[in-house]
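Written below as structure tokens is the structure these notes are about.
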Amino acid sequence: VRAAPHAPARDVRRLRSGATLLLEPRPGAATASAVWLVPVGSRDEPAPLAGISHALEHLAFRGFGEVDGSALNRRLDELGARVNAFTSEDRTAFYGTVAPEHLGPFLELLGGMLRPSLRAADVEVERRVILEEIAMADDEPDGRAADAVAAAAYGDHPLGRPILGTRASVDALRPEDLRTWARARYRAEALTVAVAGRVDAEEVAERVEAATAGAAEPAPGPAGPAREAPPWHAGTHRRADRRLRRVHGALLAPGVPQDADERVAAELLAHVLGEPGQGALHWGLVDPGLADRAGLQHEAGDGLGAFAGGFETVPAREEQVRARFLELLRRAQDRPLDPEAWTRAARTRATDLALQAETPLGRAMALADAWLERGQPDDPREAVARVLATPPGAGEALLARRPFDSAALVALGPPPEGGEAP
Amino acid sequence: VSPASAAARPDTRDRTLGNGLRILVEARPGAGGVSVELVVPVGAAHDPDDLPGATALLWEWQDRGAGGRTLRARRDAFARLGVRQGGGAGRTHSGISATMLADALPAALPLLADELVAPHLDEDEFGRARQHALEAIEALDDRPAERLDEALAARTLRGRHGRSVYGDAAALAASTPRRVRAHRAATVGPEGALVAIVGDLDPDQVLERTAGSLEGWRGAAAPNAGPVAWAPAARHGLEADVEQTQLGWSWPLLPPADPRTPALALGLAALTTGGDARLVREVRELRGLAYAVEAGTRAVPGAAWATATLATTPDRAREAEEVAAAELRRLAAGVTADELARARALLRTREASRAETGAGRAGQLVRDVLLRGAPRGVQERLAALARPSRDEVNAALAAAPCAAPVLVALGPGAGA
């Protein structure tokens with residue numbers, strides 16, 4: 001397998017504002033993309049403020065300074081900006097793609113969004129949007145099972161709560177809470193900006209410098225409480241919902257953090273065990289017709305990581321599928337990995353990495369993530385080479401820690417016949 | 001290759017083989033990999049009347065062994081090459097797709113071709129294929145947004161084109177290997193099929209290799225499914241015990257090959273493309289009625305229709321329905337110059353972004369050929385969005401009115 005052909009020029013700059021700028025010009029690109037990444041997410045939130053990072057991400061689109069939400073959206077549309085944002089457990093990202101000639105004004109608008117106005121009327125309307133988003137998530141049982149297993153594994157720790165928050169916590173959010181959160185968290189020195197595509201590096205640096213100079217005035221005190229390690233509660237649980245017709249399972253097991261050397265091995269191990277259509281779970285559960293979905297991936301976070309898996313089946317086969325799902329993972333801990341399967345996983349993963357590098361947005365995302373996670377800019381050729389050079393022994397070393405012995409598993413489905421489940 | 005397009009796109013090859021298969025190859029030097037789209041003109045619209053879902057089942061079955069390799073041997077062979085492979089049955093066309101690093105293509109092409117040219121269709125694999133097809137139907141039970149999509153298509157298109165791609169569970173449960181083989185013999189072949197390959201490749205070499213892998217393919221062409229027939233505009237309520245009410249609208253558009261289609265696309269963009277688009281602003285930004293409201297264009301050869309969907313809590317469904325319906329009516333009166341300028345900028349970025357991935361560009365080539373009869377270069381596609389005047393856009397909107405759409409509401413109390 002050949003490594004990705006791009007050998008792009010990369011540039012890391014610490015701006016006077018304190019923000020970090022990662023640049024990767026690609027002169028032949030048709031577009032330019034930017035990612036603004038702030039290290040704040042649901043795991044930083046005290047219980048009464050659950051969902052505030054996600055709410056703030058939404059409200060960033062409702063204007064700053066003299067620019068109201070309608071004007072901001074119209075201006076983004078005029079630039080042809082395909083823009084979006086997400087909030088996870090540990091980060092908030094604003095990102096988008098424009099025609100190269102519109103990159104400058106686009107960067108200015110993204111910078112402004114980190115100083116959101118947070119008008120009371122806007123907070124009220126956006127609250128309704130988020131409550132609809134929570135209702136929508138309630139109609140997505142795979143996601144609900146994933147939230148339920150996080151709650152089971154992490155207990156009262158913020159990682160055990162949904163990123164969106166709860167209806168009660170979102171109902172209770174006040175504009176002043178959001179303002180305090182923005183001042184404490186959307187600070188230039190915490191910001192990573194990655195820009196890739198057909199760009200003029202000097203012009204971008206000037207624009208981002210200007211756009212971040214006015215980022216949130218530092219609040220007194222540290223940027224937030226240090227992230228504490230969560231507790232871990234292994235165990236198997238059943239949750240009942242009479243509206244469901246099928247059983248949706250979700251599993252978490254201890255993995256490795258985002259800056260660990262074993263991270264690549266953990267990704268490949270998850271692939272060997274649980275890649276849809278290819279992994280051991282597929283051949284043990286889906287192919288024989290026991291489950292119609294069964295998979296596993298590795299999710300690396302700040303200070304911790306997890307193997308996250310799931311399955312879907314009919315109620316009549318729930319017991320069998322749940323037991324077999326755990327058995328397939330635990331049995332893998334007792335035997336050597338198939339080196340052929342490991343090589344296949346590495347080659348497929350190498351393709352994914354190379355194809356992610358096709359677009360400026362893919363590159364900007366990879367650059368920003370790698371900087372936040374490991375303090376270094378991503379190099380797609382190195383990433384591909386690292387994957388191909390990781391031996392199966394590295395996966396076996398992870399299995400020797402027996403992560404699946406302490407798995408947490410939740411099955412969400414209709415009440416068992418004859419009564420409600422606990 | 002027509003002289004004009006060959007001159008404009010020196011890295012593109014376009015050849016139709018003696019068996020009717022059309023091959024398009026486009027070189028993108030420096031791209032990370034290669035993407036392949038192989039499309040056959042058979043879908044749910046061609047399913048036998050007594051076996052809806054026959055094509056979906058066939059696609060499951062033919063994946064389970066081909067070219068002397070079992071399903072597992074095929075999956076392993078693809079993975080050894082680092083190939084990501086997918087595909088499935090559709091409404092009028094079905095296909096297989098793959099992405100890979102460039103050096104995997106020579107070995108991957110014959111493997112991909114095997115599924116269509118040399119499927120085993122073993123009797124002892126039939127049961128599992130059928131079970132997977134049935135499970136895909138059952139899995140819709142817990143997915144209200146997908147149920148809305150199915151219901152909306154069935155109430156927009158009459159007859160064969162409105163059939164579920166998944167098929168009918170009772171008919172599939174009673175199906176036999178012989179019946180599905182007969183369906184394949186009558187419908188799957190190279191005539192009208194298309195393969196598009198885009199990436200970091202030598203176009204002449206890849207054209208020859210692809211021709212070599214597929215020129216021996218023989219088979220029948222699916223009979224014409226006939227013209228699309230539109231169902232009358234009506235409101236349909238479907239009861240469902242779910243958290244949100246799903247609302248979906250649809251209405252017929254101009255046929256995809258109509259020269260006014262780019263103008264119409266620019267006009268429709270005013271509904272949901274961008275944060276200040278009309279439906280987004282009225283439904284979400286001003287009233288907070290939904291997390292997302294989306295509109296899109298669906299097309300089969302000869303016909304296209306628009307859809308708009310949102311989900312809201314049941315006690316706000318009436319308001320959301322009225323607000324959205326008013327915006328759909330208003331669109332027939334046309335868009336402003338500012339709206340048109342925004343639509344142009346947004347659609348241009350979308351087109352250019354899609355063309356930056358091999359898979360996105362291969363998809364553009366396939367859709368151009370299936371829906372318009374000829375592929376367009378990236379610049380040609382962008383120029384089509386730059387050209388239409390506001391008068392042309394508004395005339396196209398008036399010719400495809402959305403004042404009387406089909407509406408499907410799915411949720412608690414919606415069936416009352």
The protein assembly as shown: antiparallel DSSP beta bridges as a percent of all, rounded to 5: 80 percent
Excluding exposed DSSP-loop GluC sites (Glu not before Pro) (at most 14 other C-beta within 10 Å), longest clean stretch of chain A: A:229-416
Separation between Cα centres of the stretch A:351-394 and the stretch A:180-197, rounded to whole Å: 22 Å
GNM top mover of B:T261, B:T336, B:T273 - chain B, alpha-carbon springs below 10 Å: B:T336
Percentage relative contact order, chain A, counting C-alpha pairs under 8 Å, at least six apart: 23 percent
Lys/Arg +1, Asp/Glu -1 at C-beta; the stretch A:130-210 dipole; positive extreme among A:L164, A:A152, A:W181: A:W181
Fully extended contour minus Cα-Cα distance, from B:R179 to B:R318, at 0.36 nm per residue: 45.4 nm
At R0 = 22 Å, FRET efficiency that the Cβ-Cβ distance of A:D142 and A:S406 yields, to 0.05: 0.45
Test item: B:270-281 mean partner chain Cβ contacts at 10 Å: 4
Average beta-carbon neighbours from other chains, 10 Å sphere, peptide B:78-91: 4
Distance between modelled label sites at A:A260 and A:E176, nm, 7 Å Cα→Cβ extension: 4.3 nm
Taking A:V272, A:V314, A:V384 and counting other C-beta atoms within 10 Å, the order from fewest to most: A:V314, A:V272, A:V384
Förster radius 60 Å - calculated FRET efficiency between B:D391 and A:R10, Cβ distance, rounded to 0.05: 0.80
Kirkwood Rh and Cα Rg combined as Rg/Rh, chain A: 0.98
Separation of the A:D68 and A:H233 label points, Cα + 7 Å toward Cβ, nm: 4.7 nm
Computed E for A:A397/B:R72 - FRET, C-beta separation, R0 22 angstrom, nearest 0.05: 0.20
Average silhouette area of the stretch A:308-422, convex hull of alpha-carbon atoms, in square nanometres: 10.4 nm²
Least to most buried among B:V42, B:V335 (fewest other Cβ within 10 Å first): B:V335, B:V42
Antiparallel DSSP beta bridges within chain A, percent to nearest 5: 80 percent
Shape of the protein assembly as shown, Cα gyration tensor, a/c cut at 1.5: rounded
Residue exposure sequence - B:M100, A:M113 - by fewest surrounding Cβ within 10 Å: A:M113, B:M100
Label zone at A:E108, where the point sits 7 Å out along the Cα-to-Cβ direction: the stretch A:56-93 residues whose backbone N lies under 19 Å: A:61-83
Prolate/oblate/rounded label for chain B (Cα gyration tensor, a/c 1.5): oblate
Alpha carbon centroid spacing (whole Å) that separates the stretch B:252-282 from the stretch A:273-339: 43 Å
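FYI, it's all coordinate maths here, none of it is from the lab. Everything numeric here is computed off the predicted structure, so don't read it as measured data. Don't worry about glycine lacking a Cβ; one is built from the backbone with ideal geometry, like all the others, and counts go over all protein chains shown.
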